[in-house]
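Enquirer: Let me give you the structure first, and then I'll get to my questions.
All of the numbers you see were taken from the coordinates with simple rules; none came from a lab. Because the structure is a prediction, the values reported are computed rather than measured. With ideal geometry, Cβ positions are generated from the backbone for all residues, glycine too; neighbour counts draw on all protein chains shown.
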Ligand code: ZN
């Protein structure tokens with residue numbers, strides 16, 4: 001399976017990193033080895049001094065598809081989750097400056113937190129889901145899918161032009177504003193509305 005990640009999907013996050021607003025979604029992949037194993041702490045890798053949390057809504061693909069029209073995209077997922085796209089920001093900045101791919105900064109082991117899943121039927125509207133990340137019990141990121149530049153069904157249409165989607169693939173839909181550095185002993189808790197979907201310790 002693969003993790004398909006979207007960058008720059010929330011205006012305020014684009015502004016906080018002083019990035020240009022894209023005309024198309026920014027897409028990158030993480031391998032399945034990036035998934036942080038259940039109940040394991042996140043270890044800050046030795047090649048970075050500035051790993052950031054990016055909390056993101058996740059979508060789990062339940063059907064094989066290619067060139068999926070946005071009208072039919074809702075048939076390709078029935079679970080919604082929450083995760084973290086950990087990013088070695090210092091390394092990513094160096095790579096971006098040189099125009100190189102970001103994988104070393106985003107696809108390393110443990111860089112993808114995948115929390116518990118909720119049935120899509122829990123939500124009246126997937127384009128209006130409130131979510132947040134707490135660091136040491138303080139809210140640091142607070143988002144709603146209604147602020148996405150590209151909504152879930154549009155993202156499925158877009159990424160499936162390039163990649164065949166397979167059962168179990170996960171789409172990371174981009175992070176809202178409030179990304180920041182993690183340090184050893186931080187505790188990260190992710191919520192969709194009032195349901196806790198993950199609890200991670202940083203080491
Ligand atoms: Zn991200």
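Enquirer: Is any residue of region 16-55 close enough, with backbone N under 20 Å, to a label point placed 7 angstrom from the Cα of residue 97 along the Cα-Cβ axis, and if so, which?
Expert: Those under the cut-off are 16-20, 46-52.
Enquirer: So, one more: In Å, what is the Rg of the alpha-carbon atoms in the chain, and how long is Dmax?
Expert: Taking only Cα atoms of the chain, I get Rg and Dmax of 15.7, 45 Å.
Enquirer: If we count other beta carbons within 10 Å of each Cβ, what is the order of 102, 150, fewest first?
Expert: On the way: 102 17, 150 20.
Least crowded to most crowded, the residues run 102, 150.
Enquirer: If you average the sequence gap of Cα pairs under 8 Å that are 6 or more apart and divide by the length of region 3-201, what percent do you get for the contact order? Write out the running numbers ahead of the final one.
Expert: Working: 449 pairs, mean separation 67.9, N = 199.
It rounds to 34 percent for region 3-201.
Enquirer: What ranking do 52, 74 get, fewest neighbouring Cβ atoms within 10 angstrom at the top?
Expert: Working: 52 20, 74 14.
So the residues, fewest neighbours to most, are 74, 52.
Enquirer: So, one more: Please identify, among 75, 187, 124, the residue showing maximal mean-square fluctuation in a Gaussian network model of the chain using a 10 angstrom Cα cutoff.
Expert: 124
Enquirer: What residue among 18, 30, 166 shows peak mean-square fluctuation when the chain is described by a Gaussian network model with Cα springs under 10 Å?
Expert: 18
Enquirer: Given a cut-off of 17 Å, what percent of all Cα-Cα pairs of region 35-80 lie beyond it? Don't skip to the answer; put the middle values down first.
Expert: On the way: 608 of 1035 pairs.
For region 35-80, the share of Cα pairs beyond 17 Å comes to 59 percent.
Enquirer: Another one. Test of understanding: ordering 53, 13 by Cβ neighbours within 10 Å, fewest first, what list do you get?
Expert: Working: 53 26, 13 21.
Taking fewest neighbouring Cβ atoms as first place, the list is 13, 53.
Enquirer: Please give, to one decimal in nm, the separation of the simple spin-label points placed at residue 27 and residue 11, each 7 Å out from Cα toward the Cβ.
Expert: So the two model labels end up 2.5 nm from each other.
Enquirer: Decide, for region 1-89, between rounded, prolate and oblate: order the square roots of the alpha carbon gyration tensor eigenvalues as a ≥ b ≥ c, take rounded if a/c falls under 1.5, and otherwise choose prolate if a/b is larger than b/c, else oblate. Don't skip to the end; give the middle numbers.
Expert: Working: a/c = 2.29, a/b = 1.26, b/c = 1.81.
Oblate shape, in that a/c is at least 1.5 and b/c is the bigger or equal ratio.
Enquirer: In nm, to one decimal, how far is the modelled label at residue 104 from the one at residue 1, with both set 7 Å along Cα→Cβ?
Expert: With each label point 7 Å from Cα toward Cβ, the separation is 2.9 nm.
Enquirer: 222 nm [θ] for the chain, helices only, -39500 (n - 2.57) per DSSP H run of 4+, per residue, to 500? If you can, show how the numbers build up before the last one.
Expert: Numbers: 4 runs with 30 residues, N = 203.
Computed mean residue ellipticity for the chain: -4000 deg cm²/dmol.
Enquirer: So how far apart, in nm, are the two label points at residue 39 and residue 195 if each is 7 Å from Cα heading toward Cβ?
Expert: Once both label points are built, they end up 2.2 nm from each other.
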